[in-house]
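Each remark here refers to the structure printed beneath this line.
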């Protein structure tokens with residue numbers, strides 16, 4: 001598979017925190033960079049879009065103020081584990097791994113899904129994708145430096 005190989009930590013940074021650079025093959029991806037520019041990934045390249053330009057396009061639901069520390073833990077865990085596990089992540093699996101109660105995890109997943117920003121669950125309530133990764137087949141694939149491959153959301 002063509003494309004630059006990146007590790008999971010770098011990919012997590014691309015997903016929402018910061019990165020110095022990496023690419024998602026087979027399509028377009030976006031992330032926030034170290035200087036708060038939007039890193040728009042097109043093919044093998046990342047193009048920075050200055051904060052004032054991308055922020056002018058952000059509307060209410062994209063705000064992150066609703067997210068607690070636990071929201072970030074659950075979301076970050078899903079992004080890291082989907083490539084490792086390669087199948088949907090159940091609330092029980094997430095709760096046990098993060099030492100949270102199942103009702104707390106379900107509530108957090110409800111919040112994250114309701115904001116239509118970070119994840120999607122299947123009919124059984126298991127997380128099938130957590131931006132930017134998914135267990136569902138898409139035309140976009142990522143290969144980590146470890147050799148793991150995952151579909152990109």
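Residues of region 88-125 that are within 19 Å of residue 152 (Cβ to Cβ) and part of a loop (DSSP other than H, G, I, E, B): 88, 116, 117, 118, 122. Would you call residue 143 in contact with a strand residue (DSSP E or B) (Cβ under 8 Å, 6 or more places away or on another chain), modelled with pLDDT under 85, over 13 Å from residue 79 (Cβ atoms) and not in a helix (DSSP H, G or I)? Yes: the conditions hold for residue 143.
Does residue 142 qualify as being over 21 Å from residue 66 (Cα atoms), in contact with a helix residue (DSSP H, G or I) (Cβ under 6 Å, 6 or more places away or on another chain) and either touching a residue at least 60 places away in the same chain (Cβ under 8 Å) or surrounded by fewer than 14 Cβ atoms within 10 Å (Cβ to Cβ) (or both)?
On the way: over 21 Å from residue 66 (Cα atoms): yes; in contact with a helix residue (DSSP H, G or I) (Cβ under 6 Å, 6 or more places away or on another chain): no; either touching a residue at least 60 places away in the same chain (Cβ under 8 Å) or surrounded by fewer than 14 Cβ atoms within 10 Å (Cβ to Cβ) (or both): yes.
It is false that residue 142 is over 21 Å from residue 66 (Cα atoms), in contact with a helix residue (DSSP H, G or I) (Cβ under 6 Å, 6 or more places away or on another chain) and either touching a residue at least 60 places away in the same chain (Cβ under 8 Å) or surrounded by fewer than 14 Cβ atoms within 10 Å (Cβ to Cβ) (or both).
Residues in region 97-126 that are closer than 27 Å to residue 147 by Cα and modelled with pLDDT of 95 or more: 97, 98, 126. Hey, any hits in region 64-87 for a residue that's more than 23 Å from residue 136 (Cα to Cα), assigned to a helix (DSSP H, G or I) and at pLDDT 90 or above? Looking through region 64-87, at least one residue is more than 23 Å from residue 136 (Cα to Cα), assigned to a helix (DSSP H, G or I) and at pLDDT 90 or above. The requirement of being surrounded by 20 or more Cβ atoms within 10 Å (Cβ to Cβ) and either free of Cβ contacts under 8 Å to residues at least 40 places away in the same chain or out of contact with any helix residue (DSSP H, G or I) (no Cβ under 9 Å at 6 or more places or on another chain) (or both) is satisfied by residue 153. Selection within region 109-135: residues that are surrounded by 12 or more Cβ atoms within 10 Å (Cβ to Cβ) and without any contact (Cβ under 8 Å) to a residue 40 or more places away in the chain. The member of this set that is nearest to residue 85 (Cα to Cα) is 126.
The values are calculated or read from the model by the stated rules, or taken from the named source; none is laboratory data. Keep in mind that this is a model prediction, so the values were computed, not measured. We place every Cβ from the backbone using ideal geometry, glycine too, and count neighbours over all the protein chains shown.
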